[in-house]
Amino acid sequence: MMRKTILVADDSKAATDLYSARFKQEGITTLVAGNGTACLQVLKAIKPDLLLLDVQMPDMDGAEVMEFIMQDEGLRGIPVIVLSATVQPQHSGMMLHGITYLSKMIGIDKIVSSVKEELAKQPGPGNMQAGTANAQMPYPNLLH
C-alpha cells in the first residue's frame, strides 16, 4: 500500500511538531519546511501528495509561495491547504484558485480531517511506499 506524504510549511516548530505527530498517528509521512524558500525547494525535489502551508512565514509568505506554485507547471497539481491564524484580506485571493483555506483556530482534529479528505480525493504524484521513505528522500532530515 502506498503511503501518503505531505509537506508542512510553517515557521513555528511547535506547530510542525504537533502536525508531524498527529499525521504520523494517521499513517501519513510528514516533511517540514520552516520558510517559503525551503518549502519551494522541497516541493520541487519531492512533489508531496499535499502541501499544508502557513500564510505568515519569514523570508517568503504563503501568498508568495502560492504565486510560485501557480506559475510552475510541475507544482500546480499539488493540492494545497493554507493555514492562518486569521483570514487576512491580502491573502483572500488564494481562495479564488480553489485552495482550501483554514483557520488554525479550528483545531488540530479538523485540520487533520481536512488533510485526510483532500488526500482521499487525489492519488498525488509523490506517493512513497511505507518503510522506504528515508532511502528515497534527498532531504531525510526533513522527515518527521
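The values are calculated or read from the model by the stated rules, or taken from the named source; none is laboratory data. All values reported here derive from a predicted model rather than from experimental measurement. We place every Cβ from the backbone using ideal geometry, glycine too, and count neighbours over all the protein chains shown.
So the values come out like this:
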quantity	calculated
Criterion: in contact with a His (Cβ under 7 Å, 6 or more places away or on another chain), in contact (Cβ under 8 Å) with a residue 12 or more places away in the chain and not hydroxyl-bearing (Ser, Thr, Tyr) - qualifying residue of 63, 38	63
Candidates 43, 18, 31, 51, filtered to the one that is buried (at least 21 other Cβ atoms within 10 Å of the Cβ), out of contact with any Asp or Glu (no Cβ under 8 Å at 6 or more places or on another chain), of a type outside the set (Ser, Thr, Tyr) and under 21 Å from residue 107 (Cβ atoms)	51
Every pair of residues 6+ apart whose Cβ atoms lie under 8 Å, when the first sits in the range 71-87 and is touching a residue at least 12 places away in the same chain (Cβ under 8 Å) and over 11 Å from residue 52 (Cα atoms) while the second is surrounded by 11 or more Cβ atoms within 10 Å (Cβ to Cβ) and among the aromatic types (Phe, Trp, Tyr)	75/68; 87/101
Boolean, residue 14 is under 19 Å from residue 86 (Cα atoms), without any contact (Cβ under 8 Å) to a residue 24 or more places away in the chain and either out of contact with any Ser or Thr (no Cβ under 8 Å at 6 or more places or on another chain) or not small (Gly, Ala, Ser) (or both)	yes
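Quick grid of which residues meet (1) within 25 Å of residue 26 (Cα to Cα); (2) surrounded by 16 or more Cβ atoms within 10 Å (Cβ to Cβ); (3) at pLDDT below 80:
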residue: 55; (1), (2), (3): yes, yes, no
residue: 86; (1), (2), (3): no, no, yes
residue: 93; (1), (2), (3): no, no, yes
residue: 99; (1), (2), (3): yes, yes, yes
residue: 102; (1), (2), (3): yes, yes, no
residue: 134; (1), (2), (3): yes, no, yes
residue: 138; (1), (2), (3): yes, no, yes
